[in-house]
2 protein chains.
Amino acid sequence: MKLGIVIFPSKKIQDFANSYRKRYDPNYTLIPPHLTLKSAFKATEEEIKQLTATLDKISNHFQPFQIKSTKISSFKPVNNVIYLKIEESEELNGLQKEINEKISEEVLEYAFVPHITVGQKLSNDEHSDVYGSLSLNQFNYEDTVDRFHLLYQLDNGSWTVYETFRLGRD
Amino acid sequence: MKLGIVIFPSKKIQDFANSYRKRYDPNYTLIPPHLTLKSAFKATEEEIKQLTATLDKISNHFQPFQIKSTKISSFKPVNNVIYLKIEESEELNGLQKEINEKISEEVLEYAFVPHITVGQKLSNDEHSDVYGSLSLNQFNYEDTVDRFHLLYQLDNGSWTVYETFRLGRD
């Protein structure tokens, strides 16, 4: 089974992201707008039990925290991905780090760039158009993160939430 | 905000349901296959906090339980909805009843018919074709329900999970 770990931002940010994803993100119908903490990885049904216990423990190490966004950015030239950039913070980085360290021993290949994708798999022309018009604007969003979610992927590529982990319950 | 409360069945049942939903359910991309415990209702952001506390308490009153399905059924002539019929059980009915009683004072207009929709908004001809071929088969599924989910609806009609409630934690 393929799993993933994400934060779903508030409805307001999701509605904003979807207004672009609808046209510019082929994954629009497969998953709601999200901030990825750990991208797709494989686990057996048995491993999931252990995993949820681990994530439950991690969620107790963190208190709810704020995230902020001020602008649109892009992974081009690596990838034609346009995203709402989320400012790094000690808490967000700490949460992402602990999740990745505790549930896999892989060394992360890339630095963590917190983001909410609004467009991907764009042609170079599309990318220029969309990024050109979006990058001129300010996108001031603030949101409280008080939970994250473990998801699994169905055969059709869509994602279902398996469990929610609330921060700072203790 | 519009909320709903559902059970997501196992990946196996979801993949089965999606193989039909893909063609026969216009909501295919808006929500994964599910068993509705409470259909869409409105709540303010403030009310959601109280609501999650209530659902948390309810989830402690129930132990994980089994659900069984043996066949496809239909709500026709009331509605051209084809569904995987879930057998009634004391636990499932009890959970549905407590949720509906505790979070709204409305008297339920309809009896609870536990089901997982595989097709809806079908024309009469489509309904006859699909139901005719599906109703000849047995669909023997068994599944353990150990959680339910509170969801909210985005402006595009899709649903995001707000929180998971695990049964029998105490």
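Summary of values
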{"item": "Yes/no for B:V78 being closer than 24 Å to B:S19 by Cβ and β-branched (V, I, T)", "result": "no"}
{"item": "Qualifying residue in the range B:22-32 (condition: out of contact with any helix residue (DSSP H, G or I) (no Cβ under 9 Å at 6 or more places or on another chain) and of a type in the set (D, E))", "result": "no"}
{"item": "All positions within the range B:64-78 that are in contact (Cβ under 8 Å) with a residue 40 or more places away in the chain and within 20 Å of B:N100 (Cβ to Cβ)", "result": "B:F65, B:I67"}
{"item": "Test result for B:V118, modelled with pLDDT of 95 or more, over 30 Å from A:D143 (Cβ atoms) and among the aliphatic types (A, V, I, L, M)", "result": "yes"}
{"item": "Residues being surrounded by fewer than 20 Cβ atoms within 10 Å (Cβ to Cβ), under 30 Å from B:R21 (Cα atoms) and out of contact with any Asp or Glu (no Cβ under 6 Å at 6 or more places or on another chain) - total across the range A:112-128", "result": "1"}
{"item": "Segments classed as strands (runs of 3 or more DSSP E), wholly inside the range B:53-139, with at least 1 members that are over 21 Å from B:K2 (Cα atoms) and more than 14 Å from the chain's Cα centre (by Cα)", "result": "B:65-74"}
{"item": "Residue that is modelled with the lowest pLDDT [pool: residues in the range B:129-170 that are more than 14 Å from chain A (Cβ to nearest Cβ) and surrounded by 14 or more Cβ atoms within 10 Å (Cβ to Cβ)]", "result": "B:F139"}
{"item": "Residue check for A:F165: of a type in the set (A, V, I, L, M, F, W, C) and farther than 14 Å from A:L35 by Cα", "result": "yes"}
{"item": "Any hit, the range B:65-83, residues being more than 14 Å from chain A (Cβ to nearest Cβ) and over 23 Å from B:Q138 (Cα atoms)", "result": "yes"}
{"item": "Some residue of the range A:34-54 being among the hydroxyl-bearing types (S, T, Y) and within 11 Å of chain B (Cβ to nearest Cβ)", "result": "yes"}
{"item": "Residue that is nearest to the other protein chains (Cβ to nearest Cβ) [pool: residues in the range B:1-33 that are among the hydroxyl-bearing types (S, T, Y) and either free of Cβ contacts under 8 Å to residues at least 12 places away in the same chain or in a loop (DSSP other than H, G, I, E, B) (or both)]", "result": "B:T29"}
{"item": "Residue list for the range B:146-170, restricted to those being assigned to a loop (DSSP other than H, G, I, E, B) and touching a helix residue (DSSP H, G or I) at 6+ places or on another chain (Cβ under 9 Å)", "result": "B:L154, B:D155, B:N156, B:S158, B:L167, B:G168, B:R169, B:D170"}
{"item": "Within the range A:121-152, tally of residues that are closer than 15 Å to A:L84 by Cβ and of a type in the set (A, V, I, L, M)", "result": "4"}
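Residue-by-condition table, conditions (1) farther than 28 Å from A:Q120 by Cβ; (2) at pLDDT below 95:
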| position | (1), (2) |
| --- | --- |
| A:Q14 | no, no |
| A:R21 | no, no |
| A:P26 | no, no |
| A:S39 | no, yes |
| A:K42 | no, yes |
| A:E46 | yes, yes |
| A:K49 | yes, yes |
| A:T70 | no, yes |
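The values are calculated or read from the model by the stated rules, or taken from the named source; none is laboratory data. This structure is a prediction, so every number in the text was calculated from the model and none was measured. Every residue, glycine among them, receives a Cβ derived from its backbone with ideal geometry; neighbour counts consider all protein chains shown.
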